[in-house]
1. Taking the criterion of being closer than 20 Å to residue B:19 by Cα, crowded, with 24+ Cβ neighbours inside 10 Å and more than 10 Å from every other protein chain (Cβ to nearest Cβ), would at least one residue in the range A:322-344 satisfy it?
2. Take residue B:132 and decide whether it is part of a strand (DSSP E or B), surrounded by 19 or more Cβ atoms within 10 Å (Cβ to Cβ), modelled with pLDDT under 85 and not assigned by TED's automatic domain parsing to the domain that holds residue B:287.
3. Collect the residues in the range A:318-334 that are closer than 14 Å to residue B:36 by Cβ and outside any loop (DSSP other than H, G, I, E, B), keeping them in residue-number order.
4. So, in the range B:176-207, how many residues would count as being more than 11 Å from chain A (Cβ to nearest Cβ) and on the phi < 0 side of the Ramachandran plot?
5. Could you go through the range B:5-24 and let me know if any residue there is modelled with pLDDT under 90 and either at positive phi or in contact with a strand residue (DSSP E or B) (Cβ under 7 Å, 6 or more places away or on another chain) (or both).
6. May I ask you to say which residue of A:286, A:311 is more than 10 Å from chain B (Cβ to nearest Cβ), within 22 Å of residue A:343 (Cα to Cα) and out of contact with any strand residue (DSSP E or B) (no Cβ under 9 Å at 6 or more places or on another chain)?
7. With the condition kept exactly as written, say whether any residue in the range B:308-321 is in the same structural domain as residue B:436 (by TED's automatic domain parsing), without any contact (Cβ under 8 Å) to a residue 60 or more places away in the chain and assigned to a loop (DSSP other than H, G, I, E, B).
8. Read through the list (1) modelled with pLDDT under 90; (2) out of contact with any helix residue (DSSP H, G or I) (no Cβ under 7 Å at 6 or more places or on another chain); (3) within 30 Å of residue B:232 (Cα to Cα); (4) assigned by TED's automatic domain parsing to the domain that holds residue B:131, then give the number of the only condition that residue B:112 fails.
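The values are calculated or read from the model by the stated rules, or taken from the named source; none is laboratory data. Keep in mind that what you see is a predicted model, and the values were worked out from it rather than measured. Note that each Cβ is placed from the backbone with ideal geometry, even for glycine, and that neighbours are counted across all protein chains shown.
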């Protein structure tokens, strides 16, 4: 499998790769700009090393035939679910949520990796009977299969990841041809089940979730971030304040400024023009993903490409929506930009999958 | 982007649907650009201005802690507004100078101020509390020098107040700022005040409430100009305890000057009406700003004021244990009320001689008079007849050797030996001498005052062992019931009615028929009880080697309503020291009855 033949190399999607590398470079630059000379340098170096690891992972994923990955998806599924269970047992609690596993000096966030496993599972479950008409049983079975890890993620509680998974499933179901009416019915059923889940939670967990949903319940935490993020973005105006003028970011008004709120930092420094460039880059990335999905003939490749693209698109849109104050605050990193190894590696591996599908389209 | 039909393939349904999804996503991206245009181009100037001044501060508004009430609705604690000195790290431009000024002004060690700031990021806007409970004079001093002290603010927060400094200290527990260790649980915020012991800790989740917050606009010097938004805090829930404040006060008054514990319990339902341990600690000082030095002194005090002796103090029960021996013997048939012996004051077992506490002995005694006069010689023989296995079995049935289950935590189980216990621990087999020792509650037997209260409760109510109940219910600030408890039976001592009647009659005799508990006698209320004088372990230390004094009792004997157990550490004889304290407490409980008898001149 690792024997790369020349036809594969000829079909590498250089545009996709270049766009991704451009965004990643902006990420490392932003880390360094956050606090040049102080913590920023260390931050930038660490981010850079994550990029390196991520690129290696990307190459490995791209050179493996994605079809064999889909074939062994059940194994990944079991591995992923067990990792999520391990988080509960060994996980480290950071600000009230158990999401991290300690591996020596590295903390690892299984729910990031799980987004990819989730998509692989989707492709396995929905595309394994290619050619046959889609029956209700298959869809229900798929949803049941995904329900277990979904609930585990919700219980961490990692509402951000959970909220990303919902549009991903919806997009893939639309893609494979589930009618909107059926999808609507699922949505209604989900809404109806919410109160039941609510009853199962302990009072302090309800409290936590409410703070997630309504930042003003925690007036000193998230609401403060939103206000300061808006000020940071807005004060960047058209051309930005440059690195040294970005007081909002440099003076640390944003507690999560290098992770979930990195876009606010970028927007303050580079203004609307900078944001335009970044958003266009993200747009190209995502649309390219959709194109790969649209032009693939292999059913497994189709679902996989669509799923990976949807994961990226959902994270980008929800994160940017939250930082710009359009959506409530939930903890979601901005793919390829936010500081953090798990997210960076998982995003690059996702792109590796897209490249892999693209390369094998033409055979 | 070319999403159209590829050469050779028609644009199939899949392609159309993916195209639709791509369009949807593209709309999302356009929406983002519109919002960015709005923020950066249209609102940009205004937000730019805000970023320059950054005038918005968020301040926490502490929720008032819930109040604890006694069973009749009298408050046991209250809140009052108190001044807290806080620092806003971000606003302290010349940190060292400001801290130095503050240190001199309020006589707070500079290192203490530095340490509290070192734990938070230097650019945080969140106020860091450095001292609570400022006096009015101190507040004035800070406010007068406001301009020299940028970043220093005085906040008003609710703080606990107590009727008296040490009132029900162990029961209520103290409230203190969350420690570094507790921060790691991830449930608290830095600076949160949380219950650290007693009911305050047990019910902290209910009592704490939820803090609110204020968004305020400040001027260039950080002085508040106006409140832009205020989220009111949710006050904590109200706790209705089972305590009777009047009895608690009486118990504490009666114990003044003694070390030890008192437990008052309702034998009909297990409600704890009073629980005190002395010496106590000053709740108000622990809750306010106790310096590190004072804290160290408190923790290392040889009298261990932080220990709740009612639950954690383990003492030999002394003669109180004779009740267990008598119950075991009568029920098992190895003793009868007709058993008699002649007490010479000495008992020989092999090479050993055991003495009675009374020089010259009690003369002719039977089981009842042996209990009434607490004759050791009789019980040495009785113990050998009953046998250690039966004694131990009945002791366990009476709840000794197991934690009583108050939920307060750190309850001690005491010690009831297994008969092969000695072999395991000391490498020596159980011997007849051990049986003789435990027959009078000495040797390897330890109990806590709460256990003894439960045991006396069982004698009073015919065998029911209650789970001691301290909390009746918790109501949220809006009156909704958050939590309630009912009386729970934890065990039952099965003795025949004849045996119970015999024991109760003997216990009445102890107090009212010239027995060892005569000092507890109270005209108007028929008290039943048993004295105990337990050798303390530190026998060699002559100054501290006095015996522990016990008095375990209930009243009125005809219709028991309260159990009163008094333990005085190294107090001397139970009948001389503990019984009068119990009498004082009964006097307060049965105030009306006692007064009526006194007025009527009847005895």
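1. Kept after step one, since they are closer than 20 Å to residue B:19 by Cα, are these residues of the range A:322-344: none.
No, every residue in the range A:322-344 fails to be closer than 20 Å to residue B:19 by Cα, crowded, with 24+ Cβ neighbours inside 10 Å and more than 10 Å from every other protein chain (Cβ to nearest Cβ).
2. yes
3. Once the filter is applied, which keeps residues that are closer than 14 Å to residue B:36 by Cβ and outside any loop (DSSP other than H, G, I, E, B), the range A:318-334 yields A:319, A:320, A:321, A:322, A:323.
4. 22
5. yes
6. Working: A:286 fails: more than 10 Å from chain B (Cβ to nearest Cβ).
Going through A:286, A:311 in turn, just one is more than 10 Å from chain B (Cβ to nearest Cβ), within 22 Å of residue A:343 (Cα to Cα) and out of contact with any strand residue (DSSP E or B) (no Cβ under 9 Å at 6 or more places or on another chain): A:311.
7. So far as the range B:308-321 goes, no, none of its residues is in the same structural domain as residue B:436 (by TED's automatic domain parsing), without any contact (Cβ under 8 Å) to a residue 60 or more places away in the chain and assigned to a loop (DSSP other than H, G, I, E, B).
8. Condition (3) is where residue B:112 drops out.
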